Amino acid sequence: MSTAQLTVIVQLTVDTEQAPSLTARLVDTLRTAVDLPIDRMVVDGAQVPEQRALPSAQLRIQPDARRVTVRDTPVELTRLEFDLLLFLCRNPGRVHRRSTILAEVWGVADHLGTRTVDVHVRRLRGKIGFDPITTVRGVGYLVDQNAGFAIERV
């Protein structure tokens, strides 16, 4: 397989204090969108740092280790609870229909019934102790981009 180098230039004017966190969020968004390993991205001539968590994040998700912490306390989740939380947090700011969640997280069509998603969201909320997940009645679920979570590399 041959490879090619792609250069993306983004020029924004922001406060100096905002620049590091904004850069990290933009890199995370791009990395997730193109599903590219972090060691293959370079920003301003330097490798992207391994951990780019926002200091205010209450909820931290480490996908590679399949670990979740809330206020630095580990939270034990089932495989599906972890996958559900990760899916919602990797795709914040939009409403996800229950049928879409079933397809993306469970890998099945609607035949399980949408109550399956509701039950898992309820259990997940109970385990993490605060609620970054918003129910959109009759439609599905939403995680706000400012819900206090960070997806980290270990």
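With θ set to phi - 60°, apply the Karplus curve 6.51 cos²θ - 1.76 cosθ + 1.60 along region 138-143 and write out the HN-Hα couplings as whole Hz, x wherever there is a Gly or Pro.
Per-residue couplings from phi come out as x, 10, x, 10, 9, 10 Hz.
Please compute the per residue accessible area over region 74-151 with all protein chains in place, 1.4 Å probe, rounded to a whole number of Å².
52 Å²
If packing is taken as the average count of other Cβ atoms within 10 Å, what order do 126-138, 81-93, 60-72 fall into, highest mean first?
Sorting 126-138, 81-93, 60-72 by mean packing, highest first, produces 81-93, 60-72, 126-138.
The values are calculated or read from the model by the stated rules, or taken from the named source; none is laboratory data. Note that the structure is predicted; figures quoted are calculated from it, not measured. FYI the Cβ positions are ideal-geometry reconstructions off the backbone, even for glycines, and counts take in every protein chain you see. The protein model used for the area step is the full one, side chains on, heavy atoms only, and it has no ligands, DNA or RNA in it. Shrake-Rupley method; radii C 1.70, N 1.55, O 1.52, S 1.80 Å.
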